[in-house]
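A quick write-up on the structure given underneath.
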Amino acid sequence: MKKSILIALLLISANSFAQFHKTYDWNETPIVHDLSDEEKKESSVGILKKHVVEYAKSMFGNQLKVFETDHTITRVNDDQGISRHNTVYIPMYEVRSVLDIKARTINSEGKVTVLNKDNIKEVKNVEEYGDFKIFAIEGVEKNSEIEVLYTVEKDYDMHGQQNIQGEYPIREAQFLFITGDANAKIKAYRTEEDFKSETINGVIAKSLTIKNIPAMVDEEYSTPNANKIAVAYQCFPKEQNITQDMFWGNVVNNVAPQFFPEDNLDTVVKDLPNVTKEKTELNTFEKATLLDDYIKSNFTIVKNNNAELSDVNYILKNKSASAFGILKAYSYYLKALGIKYEIVVTANRFVKKFDPDFFNPNQLQEFLIYLPTEEKYIAPDRIEYRVGEAPFNMLGNYGMYITDTFEYYFSKIVQSDPNFSSIKRIVDISFDDDLESVKLNQNQEYKGHWAVTSRAILNLSTEQGIKEYEDYLTSSGIEDKVVESYEALDSDMLQLAYNVPFKTKSIITSESLLEEAGDSYIFQIGKVIGTQSELYQETKRVNPIEMQYPNQYDYTITVNIPEGYTAEGLEELNIDKSYKSVKGNKLCKFESSYKVKGRKVIITIQEFYKSNEYDLNRYDEFREVINAASDFNKTAILLKAIE
């Protein structure tokens with residue numbers, strides 16, 4: 001009897017603070033919510049998006065368990081909205097058990113349809129995103145609301161993250177972080193709202209509520225996936241006091257010993273003549289470039305988790321490695337060549353903005369090798385790159401730099417050469433005697449990321465891909481062009497000097513660039529610069545402005561005026577739009593002008609973007625520059641017959 005009473009008391013004590021997910025529920029009777037006129041224009045509207053992360057101790061002991069509850073109410077207004085929301089995917093990654101799943105719809109007339117749980121299916125490895133519970137929402141029609149509520153228990157993880165913003169507007173989003181007396185930290189990104197401390201069922205918690213969140217849209221010159229409102233959090237047992245420095249230090253302790261070998265391997269040393277092609281008196285840049293080309297030409301990166309692919313002896317013998325393992329191959333060769341290097345851990349800025357102040361393992365996505373004496377990078381798993389500036393998808397993000405002394409520092413990944421990427425075009429334009437066609441004699445020079453892309457496509461793409469790219473290289477946007485000749489120069493992937501330009505020479509003809517106007521002709525001069533981007537959107541800009549990379553264009557176009565004609569309307573060729581810093585320096589611009597020399601009209605164009613980030617509040621100034629190039633593309637001059 002006493003034993004039974006004791007057990008009962010223990011159970012009462014253990015459950016004196018009820019876990020939130022056990023008591024949380026939706027309203028017994030759903031309602032159809034009223035929408036504003038603006039909300040009615042949307043395909044779907046999130047009435048409520050609530051996510052709860054609950055860390056709770058097990059009944060006996062201090063081991064933490066993790067429960068996640070997701071509750072959404074979504075209004076669908078049209079077929080697009082129905083298509084977006086009528087199938088629910090619940091990720092099973094790290095899920096130990098599904099505690100409950102329920103869903104219902106209510107149509108505009110108040111009819112409620114409840115999910116038949118027999119229709120819930122489990123699907124393995126959906127598009128390589130892992131396993132999911134999947135079910136279709138029944139009874140969905142226009143102007144109905146879909147409500148979904150589920151709770152899962154997950155494997156304990158002291159780190160986590162959650163996106164708050166979606167591809168549709170959300171009237172109210174809530175994030176509830178329940179941790180009790182555990183050590184916990186949480187941080188919100190891209191919102192001015194703050195977390196509020198509160199007590200729920202006697203347990204310490206923090207809550208974040210954000211109202212009227214706009215839809216995240218895919219805009220040009222932006223990184224929408226990385227720009228979403230999100231939270232990241234940490235939670236670990238009360239007796240542990242882990243700092244951010246300790247988290248980062250743990251990364252160093254795990255990574256550095258694998259990538260900074262103490263001794264040379266005979267296999268690697270004997271292979272060095274193959275790496276250097278038996279060249280002598282090479283400088284550091286040349287040795288690193290030859291190594292980069294050697295590994296990318298002889299080793300294969302395999303995308304699976306086979307442990308052998310991270311074993312350096314297996315890698316060197318089979319010339320096959322994982323994306324992680326290939327770094328080991330580089331490290332042994334770099335050591336043997338006597339090249340000083342650092343390992344950089346960062347993220348694709350189009351996916352995740354790297355935060356040095358708050359440790360989140362999900363941002364440890366990409367590896368680079370930094371050569372401090374050269375201020376250049378090796379991108380081990382990017383076959384198209386050779387030693388140079390960092391790949392554009394990491395440029396501008398922060399990275400964690402790990403040195404050979406097992407120390408680390410954070411730095412923004414920038415270009416050592418701010419003018420790394422550029423295009424120079426010299427075009428000489430003439431007309432046949434009957435003024436039926438135009439001939440363009442073109443010489444082009446591509447540097448930086450332009451050269452990287454060009455060489456990669458011409459060396460690695462399919463025959464069709466190469467054909468399409470050669471069309472781009474010989475003036476895109478001229479539909480009836482005939483390529484009379486085309487030649488690519490310095491197109492090899494291996495270039496021993498830094499930033500060797502890739503060059504093309506071509507001659508094309510076109511009839512569509514000329515249009516008869518009585519005895520005169522309209523010449524579509526603007527189309528010579530190719531198709532241009534436009535930013536004429538009428539909706540409010542959502543995303544900050546991010547270019548792929550800083551770049552510059554310099555064009556010299558010479559128009560040879562045919563005998564018996566003069567050129568009129570040249571003033572349209574004068575365009576000058578710029579975006580200036582607070583100090584008056586031009587950060588981006590489009591400027592075109594002309595001068596007449598005898599029977600030649602010489603047009604010069606300079607367009608540049610000195611940064612890859614621009615202030616959202618000055619979006620109108622930025623798009624004036626972008627649209628100036630598009631405006632030039634539409635210009636024409638009149639070849640007027642001399643009477």
The extension gain from residue 174 to residue 263, computed as 0.36 nm times the residue separation minus the Cα-Cα distance, is 26.7 nm
Between the modelled labels at residue 279 and residue 462 (7 Å from Cα along Cα→Cβ) the distance in nm is 3.5 nm
Taking only Cα atoms of the stretch 590-643, the Rg to Rh ratio with Kirkwood Rh works out at 1.15
Counting only protein heavy atoms with a 1.4 Å probe and every protein chain in place, the carbon and sulfur fraction of the accessible surface of the stretch 284-398 in whole percent equals 44 percent
Surpassing 20 Å at the alpha-carbon level, of the pairs 527/610; 277/376; 270/335, are 527/610; 277/376
Computed, not fitted: 222 nm per-residue ellipticity of the chain from DSSP H runs ≥ 4 (each -39500 (n - 2.57)), nearest 500, equal to -6000 deg cm²/dmol
Sparse-neighbourhood loop hits (chymotrypsin sites (Phe, Trp or Tyr not before Pro), the stretch 517-607; DSSP loop; Cβ within 10 Å at most 12 others) -> 536
Dividing the surface of the Cα convex hull of the chain by four yields a projected area in nm² of 39.5 nm²
Trypsin sites (Lys or Arg not before Pro) in the stretch 510-618 lying in a DSSP loop, each with at most 12 other Cβ atoms within 10 Å of its Cβ, come to 540, 583
Among the stretch 527-567, those whose backbone N falls under 16 Å of a label point 7 Å along Cα→Cβ from residue 606 are 551-557
The lysines whose Cα lies under 22 Å from the Cα of residue 57, excluding any fewer than 8 residues away in the same chain, are 22, 65, 154, 185, 206, 238
In the stretch 267-355, the GluC sites (Glu not before Pro) that sit in a DSSP loop and have at most 13 other Cβ atoms within 10 Å of their own Cβ are 278, 281
The simple spin-label model distance between residue 37 and residue 318, using points 7 Å out along Cα→Cβ, in nm, is 6.7 nm
In nanometres, the difference between 0.36 nm per residue of separation and the alpha-carbon distance of residue 496 and residue 479 is 2.4 nm
Rounded to the nearest 10 Å², the accessible area of residue 312 using a 1.4 Å probe with every protein chain kept is 20 Å²
Taking a ≥ b ≥ c as the square roots of the Cα gyration tensor eigenvalues, with a/c under 1.5 meaning rounded and otherwise prolate when a/b beats b/c or oblate if not, the stretch 466-518 comes out prolate
With a 1.4 angstrom probe the carbon and sulfur portion of accessible area for the stretch 165-275, in percent, totals 45 percent
So for the stretch 132-173, using the alpha carbon gyration tensor with a ≥ b ≥ c as root eigenvalues (a/c under 1.5 gives rounded; past that, a/b versus b/c decides prolate or oblate), I'd call it oblate
The whole-number value in µm²/s of the Stokes-Einstein translational diffusion coefficient for the stretch 119-231, with Rh from the Kirkwood sum over alpha carbon pairs at 37 °C and 0.692 mPa s, is 190 µm²/s
Cα pairs beyond 19 Å in the stretch 231-307, in percent, come to 64 percent
Once the in-chain neighbours fewer than 8 apart are removed, the aspartates and glutamates whose Cα is under 16 Å from residue 577 read 534, 554, 591, 607, 620, 621, 624, 631
For the stretch 518-635, the accessible surface attributable to carbon and sulfur atoms (probe 1.4 angstrom, ligands and nucleic acids excluded) amounts in percent to 45 percent
Extension length gain for residue 209 and residue 238 (0.36 nm per residue less Cα distance), in nm, is 7.8 nm
Averaged per residue, the 1.4 Å probe accessible area of the chain, protein heavy atoms only, in Å², is roughly 50 Å²
Rounded to whole angstrom, the alpha-carbon centroid of the stretch 166-195 lies from that of the stretch 611-643 at a distance of 42 Å
Expressed to two decimals, the stretch 230-358 has a Cα Rg over Rh, using the Kirkwood radius, of 1.06
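The values are calculated or read from the model by the stated rules, or taken from the named source; none is laboratory data. The model shown is predicted, which means the values in this text are computed figures rather than measured ones. Reconstructed Cβ throughout: ideal geometry from the backbone, glycine too, with neighbour counts over all protein chains shown. We work out accessible area using only protein heavy atoms, side chains counted, and drop any ligands, DNA or RNA first. Shrake-Rupley method; radii C 1.70, N 1.55, O 1.52, S 1.80 Å.
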